[in-house]
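Enquirer: My structure is below; once you've seen it, I'll send some questions.
The values are calculated or read from the model by the stated rules, or taken from the named source; none is laboratory data. All values derive from a computational prediction rather than experimental measurement. Neighbour counts are summed over all protein chains in view; Cβ atoms, including those assigned to glycine, are modelled from backbone coordinates with ideal geometry. What goes into the accessible areas is simple: the full protein's heavy atoms, side chains included, and nothing from ligands, DNA or RNA. Shrake-Rupley method; radii C 1.70, N 1.55, O 1.52, S 1.80 Å.
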Amino acid sequence: MLLLPFQLLAVLFPGGDSVNAFQGPTSFHVNQISSFANSTWAHTQGSGWLDDLQIYGWDSDSGTAIPLKPWSQGNISDEELAELEEIFRVYLYRFTQDIQRSASQFQLKYPIEIQATAGCELRYGGYRGGFFRGAIGGLDFLSAKNNTCVPSPEGGSRAQQVCTLIMEHHAIINIVKKLLFGTCPRYLLGVLDAGKAELQRQVKPEAWLSSGPSPGPGRLLLVCHVSGFYPKPVRVRWMRGEQEQLDTQHSDLLPNADWTWYLRATLDVAAGEAAGLSCRVTHSSLEGQDIILHWGNPISIGLIFLAIIVPFLIVLLCLALWYMKHQ
């Protein structure tokens, strides 16, 4: 049984060094965001993610998981999925009751916002690791390490008290261990296999240049836009010849609606120094043929000229032919 994950990895990622050969997601985690307005009103949002790709939502009214991909269920049977949904329904119900009942005991003031994430990941060599982290109001509260609840320094004495209570509930601990170190790795391998065609796809980026708001008198903000690429890893640089411009600033990687990504790289330069600069885009889908866009390339001006003059010449030619025909 211990060899099973490694055998599956060899099937999923042939011809490479285990996970390193796979340029898609390598972890699955479930996110929980619970909001408590007062002692009688609470709402929880749930979601399931492959790295930063959401593949499950959670209907809090019906207490059911919502698949966002045809392959979201992986190799989990309908019966096991129903069992997992029941576990989460019971957990969320009791969690809500416990927080509302214990808020005053642990000196929690409404409104209360609690975030939690739990899951597993594939690491170098195929090692499986489970993780759990909890936060209150955006501050770390506790985590799990070596089957032990670990209070965060930001949580203070409250986190220590909660960890003490958790460690006393051995049945709950056993369920969590089974989910994190048994069900989750098996599901992760299964869903990576089921979604392999989409997760390992290569989509080439589109790139274009523009100028942003002027940083100041006599200066330009050069903007290189890169969009529509998958997988996520990409390298975008402003260059002068073969020299990378170290002042390049990058935006966050943002998702597009079609599950691809967008990135923007900017460079603040003196107006007289913009000539000769280029934006270089490196991505696995380009197979070593980087996209290179030159700022103020004379060819672009010539193309604009041709785009204007050629239709004009065609119109003149048609008028001349019509005139000669009617003479």
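Enquirer: Suppose we filter region 27-72 for residues that are surrounded by fewer than 19 Cβ atoms within 10 Å (Cβ to Cβ) and in a loop (DSSP other than H, G, I, E, B); how many remain?
Expert: 15
Enquirer: Starting from region 264-279, keep only residues that are touching a residue at least 24 places away in the same chain (Cβ under 8 Å), then list their pairs with residues that are part of a strand (DSSP E or B) and among the aromatic types (Phe, Trp, Tyr) whose Cβ atoms are within a distance under 9 Å, requiring at least 6 positions of separation or different chains.
Expert: From region 264-279, the pairs are Ala265/Trp238; Thr266/Trp238; Leu267/Trp238; Val269/Trp238; Leu277/Trp238; Ser278/Trp238; Cys279/Trp238.
Enquirer: When you go through Asn146, Asn75 one by one, which is the residue that is open to solvent by 50 Å² or more (accessible area, probe 1.4 Å), of a type in the set (S, T, N, Q), under 21 Å from Leu179 (Cα atoms) and touching a Gly at 6+ places or on another chain (Cβ under 9 Å)?
Expert: None of the others qualify; the one that does is Asn75.
Enquirer: Hey, another quick one. Among the residues of region 219-249, which ones are basic (Lys, Arg) and either within 29 Å of Gly195 (Cα to Cα) or not in a strand (DSSP E or B) (or both)?
Expert: Lys232, Arg235
Enquirer: For region 219-246, which positions are closer than 17 Å to Ala275 by Cβ and open to solvent by 60 Å² or more (accessible area, probe 1.4 Å)?
Expert: Arg219, Arg240, Glu242, Gln243
Enquirer: Does any residue in region 65-80 that is at negative phi come within less than 8 Å, Cβ to Cβ, of a residue that is of a type in the set (Phe, Trp, Tyr) and open to solvent by 70 Å² or more (accessible area, probe 1.4 Å) six or more places away or on a different chain, and which pairs are these?
Expert: Ala65/Phe88
Enquirer: Mind listing just one residue for me: the one in region 149-196 that is loosely packed, with under 15 Cβ neighbours inside 10 Å and of a type in the set (Lys, Arg) and, of those, nearest to Ile76 (Cα to Cα)?
Expert: Step by step, filter region 149-196, then rank; the result is Lys178.
Enquirer: If a residue has to be part of a strand (DSSP E or B), closer than 14 Å to Arg219 by Cβ and open to solvent by 80 Å² or more (accessible area, probe 1.4 Å) to count, how many in region 250-274 make the cut?
Expert: 0
Residue-by-condition table, conditions (1) acidic (Asp, Glu); (2) modelled with pLDDT of 95 or more:
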residue	(1), (2)
Asp268	yes, yes
Arg280	no, yes
Leu293	no, yes
Phe305	no, no
Val310	no, no
Trp322	no, no
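Enquirer: Then there is this: Answer yes if at least one residue in region 99-113 is open to solvent by 80 Å² or more (accessible area, probe 1.4 Å) and under 23 Å from Gly57 (Cα atoms), and no otherwise.
Expert: no
Enquirer: Right, another one. If you go through region 114-132, how many residues are in a strand (DSSP E or B) and either open to solvent by less than 60 Å² (accessible area, probe 1.4 Å) or hydrophobic (A, V, I, L, M, F, W, C) (or both)?
Expert: The number of residues fulfilling the criteria is 13.
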